[in-house]
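These notes are about the structure you will find just below.
What follows draws every value from the coordinates through simple rules; no lab data is involved. Please read all numbers here as calculations on a predicted model, not as lab measurements. Heads up, the Cβs are rebuilt from the backbone with ideal geometry, glycines too, and the neighbour counts pull from every protein chain shown.
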Amino acid sequence: MTLLRSLLFSQILLCASSWPAAGQQPLTRALDVRSLPYEQSLQALPVSLEGTVSFVESSGTVFLQDRSGGTHLHFRPPVRHDLQVGDQIQVTGLTTPGLYFPGVNVESLTRIGRGSALMAVPASYEDLASGRYHYQRIVTEGIGRSLTAWEKDRSLLRLAIGGQVIEVRVNAPPEAAPALIDAKIKLTALAAGGINDRRQLVFPYLRVVDWSDIAIATPAPAPESLPIQAVPAIYQFGVAAGPRHRVRIHGTVLAVFPGGRLYLRDTEPPPPPRTATLDSGPAALLTPPAPLPSPAIAVHLSEGTTDLKIGTQVQVVGFPVMESFSASLADATVVQTEVEASGVEPARIRLQDFQDGSHDGDLVRLEEVVLLEDLSRNASGHELRFTAGGLSIRAMLPKVEAPDLRLGSRCRLTGICVVDASATDRGFRSQPLQASLLLREVEDIQLITAAPFWDMQRLAIAMGLLGLGILMTMLWISLQRRQILRLQARISHQAALDERQRIAREFHDTLEQELAGLSLRLQAAASRPLEEKARALVDASRSLVSRIQAEARNLIADLRQPGRPASLPESLQSLGDQSREHFPQVIVDLHPIPELPPASAHHLRMISREAVTNVIKHAAARTLTLHLSCSAPPQAQLILRISDDGRGFLPENGPDATRSGHFGCTGIRERCRTLGAQVRWESQPGQGTTLILTMPLSRLSSSGNS
């Protein structure tokens, strides 16, 4: 319940904050409303105004003006109105911020009657641009520049006021308009303008109810009555104040570009060049003479399109305006077209003359051969960069097909010289800062020498392809090398397998057959009556031959084994199983070890067999123990231990003693040297014998390759 009360109380406070303060006196003047700061206008202060409707917007906004100024009214449903300009009304409402300055949200409206003529204040362009008379009736004078249709049944009049041009939006179709172009007119309008999101006036414009608010003060002269002027005389000094009227020129078409822009070369004789005289003083004599003025001019047609051809002689009327460096004609109209000329010859100039501005707007041909450094595309067409004599030249080609040129091509250029920017130099004379060339078509670029085939881009591509080829070749060589190594390993393995099988066959056909024959002879000798001593010798010989046969069969079986050779633990387990017929007890103690190279495993297997054979021959033991393990790091070693509980021996009679015809222990030492292992025998008479072999695990790889 407490939470509900708190929420209800906060809502009441919020609503109360938007109500006008109790006892707040309403604002009664339009000036008081429009002068409110933005923060105060948000407080919805009460308003009570009486004034005259100055303009009605189709969207529902109404503009009201009283003796103090003007403001705007906004209506919210269900309030409706049928107000007209001139109605005298009384409204009440609340302030609203508006886009530019505060206005009124209307709550009630009463029409009092028709008011008297609205008071309009004289305003200049600077007044309109400052917003001083925004949403207020003003009166101004100017020269009509152009008239076009704007939206449905509306017109857009461009009016020259002083040195500026402002839009006048008229709620009437252009067909009903009087002759306004080049006429001096006086109009009464509502001051308005475009507003941005920061509540700033971006540009001013005027709103007019109908053509009755526009009066012609001085009618426009007929175009054909205007005198033909020489191009260099346009926009020169004159004592007349106010905006300039149209002028008429006679010239030959040099170039035609999209958007109604064309360039003319004057057919009138130019004025005489300025020269210094002795009366001018020594300073004038030291000043270099000014170059002859350009006989060409840029013209911007009001229609925006034209079908004129190059070489045609025409008469054009338009308003003179100053561009970057020279005067041009704006809002122009072609009044007369004459017979087409045979052609237009460009002025042949040097590069330094191209940069001095004396040929601004004229058709020129550069004498120097230039080098193409860059080619790019932009919104208006193609931009080309050339260099010649250490100077950079910018050329623009309108929206036509791209020129078939490579960087590094040497060309000769023809086009319209256009000064892009100017800078005031000492001596009060303006000098060009930058000039560019406006190309009419691709044919204005004459190719002198084509660029070499091996430019930087192609060279980079070739180097990239060469590098890729080298990389692919190295990769292919690496793959072939691996394939060769695999084939070599396969061939070596097959050769070793064939050699093992050959040796196995030789053993089987020679040694094993001879041992079988010897065994049969010993068996035959044992069947005859012999002395006890001779019989014992024959039985011992038969046992020895049987062991040799078993070893030979094992060796042959190892040689013929086609698959993976048995690991050392597997070999020791098999050796222990085979030894059980000779010993009552065989202990096989095997622990996990790392995988051994085949050569190392073979040497250790043969050492184990030789050690077990020595136990069988000499020890007369009852127990045989086979042990295999690894010691802990960091000095990990492989440990092979073979022990028995036989008769043992004295050190002087051990493996180190030299005895002719006994090579088993010698072979064990040789195999250990090959493996990098250490071997020793521990024995005492009657206490058995132990063979201990230790080998560092770090020697496994080297021993495997030996």
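Count the DSSP beta bridges whose two residues both fall in the chain, then state the antiparallel fraction as a percent rounded to the nearest 5. Let's see the in-between values first.
Values: 132 of 158 bridges.
Counting only bridges with both partners in the chain, antiparallel ones make up about 85 percent.
Treat the count of other C-beta atoms within 10 Å as a stand-in for reagent exposure and order I477, I138 from fewest to most. Spell out each step's value before the answer.
Details: I477 10, I138 21.
So the residues, fewest neighbours to most, are I477, I138.
Given a Förster distance of 51 Å, report the FRET efficiency between Q687 and R486 from their Cβ-Cβ distance, rounded to the nearest 0.05.
On the way: r = 54 Å, r/R0 = 1.06.
The value I calculate is 0.40.
Using DSSP to define loop residues, name the GluC sites (Glu not before Pro) in region 568-609 whose beta-carbon has at most 13 other beta-carbon atoms within 10 Å.
E595
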Worksheet, complete the sentence: Stokes-Einstein, Kirkwood over Cα pairs, region 474-560, 10 °C, 1.306 mPa s; D in µm²/s equals 97
Discussion item. To the nearest 20 Debye, how big is the dipole of region 121-218 about its Cα centre, given +1 on the beta carbon of each Lys and Arg and -1 on that of each Asp and Glu?
Written reply: 220
Worksheet item: Tell me, what ³J(HN,Hα) does each residue in region 465-482 have, in order and in whole Hz, if you take phi through Karplus 6.51 cos²θ - 1.76 cosθ + 1.60 with θ = phi - 60° and put x for Gly and Pro?
Response: 5, 5, x, 5, x, 5, 4, 5, 5, 4, 5, 5, 4, 4, 5, 5, 5, 5
Worksheet item: Residue by residue, what Karplus-based ³J(HN,Hα) values in Hz, rounded to whole numbers, does region 138-144 have, using 6.51, -1.76 and 1.60 with θ = phi - 60° and x for Gly and Pro?
Response: 10, 10, 8, 10, x, 10, x
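I need the fraction of alpha carbon pairs in region 347-456 separated by more than 22 Å, rounded to a whole percent.
31
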Worksheet item: Nearest 20 debye, what's the magnitude of the dipole of the chain about its Cα centre given +1 on Lys and Arg Cβ and -1 on Asp and Glu Cβ?
Response: 2900
Item to complete: Starting from the Cα of K533, draw a straight line to each of the aspartates and glutamates and keep only those under 13 Å, dropping any in the same chain fewer than 8 residues away.
Response: none
Discussion item. Please compute, over every Cα-Cα pair in the chain, the percentage with a separation greater than 39 angstrom.
Written reply: 67
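Arrange E532, E126 by Cβ neighbour counts within 10 Å, fewest through most, would you? Walk me through the intermediate numbers first.
Values: E532 7, E126 12.
Ordered by Cβ neighbours within 10 Å, fewest first: E532, E126.
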Worksheet item: How much length is gained on full extension from Q43 to Q84, taking 0.36 nm per residue of separation minus their Cα-Cα distance?
Response: 11.8 nm
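Please arrange K152, K186 by how many other C-beta atoms lie within 10 Å of their C-beta, fewest to most. Can you show the working numbers first?
Working: K152 6, K186 14.
Neighbour counts put them in this order, fewest first: K152, K186.
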Worksheet item: For the residue pair R385 and H591, what label-to-label distance in nm results when each label sits 7 Å from Cα along the Cα-to-beta-carbon direction?
Response: 7.8
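Counting each DSSP H run of 4 or more residues in the chain as -39500 (n - 2.57), what helix-only mean residue ellipticity at 222 nm follows after dividing by all residues, to the nearest 500 deg cm²/dmol? Before the final figure, lay out the partial values.
Working: 13 runs with 183 residues, N = 706.
So the calculated ellipticity at 222 nm is -8500 deg cm²/dmol.
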Item to complete: Working from Cα positions, state the angle (0 to 90°, nearest 10) between the long axis of helix 664-675 and the longest principal axis of the chain.
Response: 10
Item to complete: Return the aspartates and glutamates within reach of K399: Cα separation strictly under 12 angstrom, same-chain partners fewer than 8 residues apart disregarded; answer none if there are no such residues.
Response: E383, E441
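Please give me, ordered by residue number, the chymotrypsin sites (Phe, Trp or Tyr not before Pro) of region 443-530 that lie in loop per DSSP and have at most 16 other Cβ atoms within 10 Å.
Values: sites: F453, W454, W476, F507; in loops: F453, W454.
The qualifying sites are F453, W454.
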